[in-house]
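After the structure tokens below, expect a handful of questions from me.
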Amino acid sequence: QWISRRDGAFESRYLEARAAAVGHGEQVLSVHGSESFERLFEPFVLGEVVYAPGDYHFPRLGAELSSDPSRALSAEVAGEWGEYYDGRLDTWRAEIMARWAPHWTLAAQGEWNRLRRDDPGGEQRLDADVVRLRLGWDATNNLSVDLFTQWNSLTDRLLSQLRLHWIFGDESDLYLVLADARGDFQHDLAPREMGLTTCLLYTSDAADEEDS
């Protein structure tokens, strides 16, 4: 995989090579290596860590192991480690998915990020942990509802979403998303943001008949 892009504040190139082995039960073990190049035209701020403008090259390694996703209980673990700009970033992720009853799915995921960087003033550290929970219900082939909750330690914010997806016709969909965000650096769970997002995609049969 080769990705190259340029933005007003940076230019980047990314090269990745991956190898995978698949078992008889759809278990997958994969490993990958990557080489990244970043050219910063402006300072890049990540938490309390500030990267100065300049050119950065950093290689990284990673691995993933997953069980058969069609089982009633499945799991996946993944890790990536190596250099990150002029420091080091280690990332680990684990997910468990349960399908204990027809049409129901419960998934729990945790992600841990550890960033370390040497600085003339001392070592700079950034720890960012994310926990996600999702409960999904497929009422029919055309109607699904799921509840999604995420906590981010970096912002100390709890985000929840209630999402509905209804397919009521050929290429016709209705999406409803009710979102609630609580907490921030004040370390409380007071409501901060609430919102309702709707999206309607509708294709009429009359338009199809005129086109034909």
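Based on the alpha-carbon set only, what is the convex hull volume of the chain divided per residue, in Å³?
Looking at the chain, the number lands at 204 Å³ per residue.
On a full-extension model of 0.36 nm per residue, what is the gain between R125 and A52, subtracting their alpha-carbon distance, rounded to one decimal in nm?
24.6 nm
Next question, about the same structure. Using Cα springs under 10 Å in a Gaussian network model of the chain, which residue among D119, D180, D127 shows the largest mean-square fluctuation?
D119
In addition: Can I get the semi-axes of region 55-160's equivalent ellipsoid? Compute them from the C-alpha gyration tensor as square roots of 5 times the eigenvalues, in angstrom, largest first. Before the final figure, lay out the partial values.
Numbers: eigenvalues 245, 57, 20 Å².
Working through the eigenvalues yields semi-axes of 35, 17, 10 Å.
Then there is this: With 13 Å as the cut-off, how large is the P(r) tail for region 7-69, expressed as percent of Cα-Cα pairs?
Result for the distance tail: 71 percent.
How much length is gained on full extension from D90 to V145, taking 0.36 nm per residue of separation minus their Cα-Cα distance?
Taking D90 through V145 to full extension adds about 16.4 nm, to one decimal.
Counting alpha carbon pairs within less than 8 Å and at least 6 residues apart, what relative contact order, in whole percent, applies to region 61-141?
Computed value for region 61-141: 22 percent relative contact order.
Using the beta-carbon distance between F37 and D184 and R0 = 41 Å, what value does 1/(1 + (r/R0)^6) give for FRET efficiency, to the nearest 0.05?
0.75
Something else: Determine the gain in length on full extension of the stretch S12-L174; use 0.36 nm per residue of separation and subtract their C-alpha separation, reporting nm with one decimal.
Details: separation 162, 0.36 × 162 = 58.32 nm, distance 3.73 nm.
That pair, S12 and L174, stretches by 54.6 nm at full extension.
Okay, next question. Which longest run of the chain has no exposed loop site in it, a site being chymotrypsin sites (Phe, Trp or Tyr not before Pro) in a DSSP loop with at most 16 other beta carbons within 10 Å, and the site itself not part of the run? Show your work: numbers first, answer last.
Working: sites that count: F41, W100, F185, Y202.
No qualifying site falls inside 101-184, the longest such stretch.
Roughly to the nearest percent, how much of the accessible area of region 1-123 is carbon and sulfur, given a 1.4 Å probe?
It is 58 percent, rounded to a whole number.
Using only alpha carbon pairs under 8 Å that are at least six residues apart, calculate the relative contact order of region 87-212 and give it in whole percent.
This gives 15 percent for region 87-212.
Carbon and sulfur atoms: what percent of the 1.4 Å accessible area of region 133-180 do they account for?
Whole-percent figure for carbon plus sulfur exposure: 62.
Using a 1.4 Å probe, what is the accessible area per residue for the chain, in Å²?
65
Work out the FRET efficiency for D138 and L61 from their Cβ-Cβ distance, taking R0 = 35 Å, and round it to the nearest 0.05.
Result of the calculation: an efficiency of 0.40.
Another question, then. List, largest first, the extents of the alpha carbons of region 1-120 along their principal axes, each in whole Å.
Per principal axis, max minus min of the Cα coordinates gives 53, 29, 26 Å.
The values are calculated or read from the model by the stated rules, or taken from the named source; none is laboratory data. Just so we're clear, the structure is a prediction, and the values are computed from it rather than from any experiment. Note that we place each Cβ from the backbone using ideal geometry, even for glycine, and neighbour counts take in every protein chain shown. Quick note on the areas: whole protein, heavy atoms, side chains included, nothing else; ligands and nucleic acids left out. Shrake-Rupley method; radii C 1.70, N 1.55, O 1.52, S 1.80 Å.
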